[in-house]
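The values are calculated or read from the model by the stated rules, or taken from the named source; none is laboratory data. This one's a predicted model, so the numbers in the text were calculated from it and none came from an experiment. No Cβ is skipped: glycine too gets one built from the backbone with ideal geometry, and neighbour counts run over all protein chains shown.
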Amino acid sequence: MDRSSLLQLIQEQQLDPENTGFIGADTFTGLVHSHELPLDPAKLDMLVALAQSNEQGQVCYQELVDLISSKRSSSFKRAIANGQRALPRDGLLDEPGLGVYKRFVRYVAYEILPREVDRHWYFYRHRSCPPPVFMASVTLAQIIVFLCYGARLNKWVLQTYHPEYMKSPLVYHPGHRARAWRFLTYMFMHVGLEQLGFNALLQLMIGVPLEMVHGLLRISLLYLAGVLAGSLTVSITDMRAPVVGGSGGVYALCSAHLANVVMNWAGMRCPYKLLRMVLALVCMSSEVGRAVWLRFSPPLPASGPQPSFMAHLAGAVVGVSMGLTILRSYEERLRDQCGWWVVLLAYGTFLLFAIFWNVFAYDLLGAHIPPPP
């Protein structure tokens, strides 16, 4: 139902004859049932919650329009807090007769979302089209690039030690800082099969469910922000080192999800969450430790510095700041939240500082960077 047809129906039924801007929830619910309007059960639940948050049991007309058009504002969060007792107590786990795909959607809802009302909302309004193409496409592209370079170099582990590897136009190298695309395209290159396998697994296990729930735009923004922050952080803190791998984006996604789980611990219904949290932290820490070892104690003779580990840490910072703001704002407008603008301002300030650093600091400090391959 679009905005114009909803307005026409309200005018025809004279639901707001005095033009007060409010509509009785019971009256509108009866209208929905009598006209058999295609309103999702989750939206009806939210309508009741909105009415429960109002002393007169009414819903603001604008909130009703936002509800129909699937746009949620901060008023929905207040309604959930004030009208929680009006929401159904039965969980999605009790839904009978679900197909394989709907069971997977239910699984994603319980893995990602901390509140039952949000899980209902997502479950009933989820559509399989468009699919979560961003994380799948990035992972597929990384695998294809790795296979191409593996076949070309005849090397599948520790590829960065091959003299031809750093000549790739995708790798970030401090000697090629003027080629700005390298600050992003390095995410398609990987040290070896072990790093690619770790990143691809996390992108599919965490990135795909996050994209299903929060959408392509938000998750792609978070992932690419982590990737860009990773290379820029390396250019500031580890000026002689190159960067390869999508770890900046992966750690942005993982740290955002883990932080969201911790902050909503009581509401998360995913099984074995404590054990899985510990395993995730151990695996992520081990990957950082491996990157530090390769950076400072290379096991093979190398013609130059090995890739830096600072991209991992930068991605984690982006995840805890920008990512947590995104994940805590499910189906709510980011532009209406002060915290979102604070995060954007901080990230924009970092970008400007990093750009000036790359333009001027290397010459002013006399940094001795390895010659570009």
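Consider Arg182 carefully, then state whether it is assigned by the TED database to the domain that holds Phe356, of a type in the set (D, E, K, R) and either in contact with a Ser or Thr (Cβ under 6 Å, 6 or more places away or on another chain) or modelled with pLDDT of 95 or more (or both). Taking the combined requirement at face value, the residue satisfies it. For segment 181-207, a tally of residues being among the hydrophobic types (A, V, I, L, M, F, W, C) and surrounded by 19 or more Cβ atoms within 10 Å (Cβ to Cβ) returns 10.
Please state which one of Tyr330, Tyr272 is under 19 Å from Ile112 (Cβ atoms) and surrounded by fewer than 14 Cβ atoms within 10 Å (Cβ to Cβ). Going through Tyr330, Tyr272 in turn, just one is under 19 Å from Ile112 (Cβ atoms) and surrounded by fewer than 14 Cβ atoms within 10 Å (Cβ to Cβ): Tyr272.
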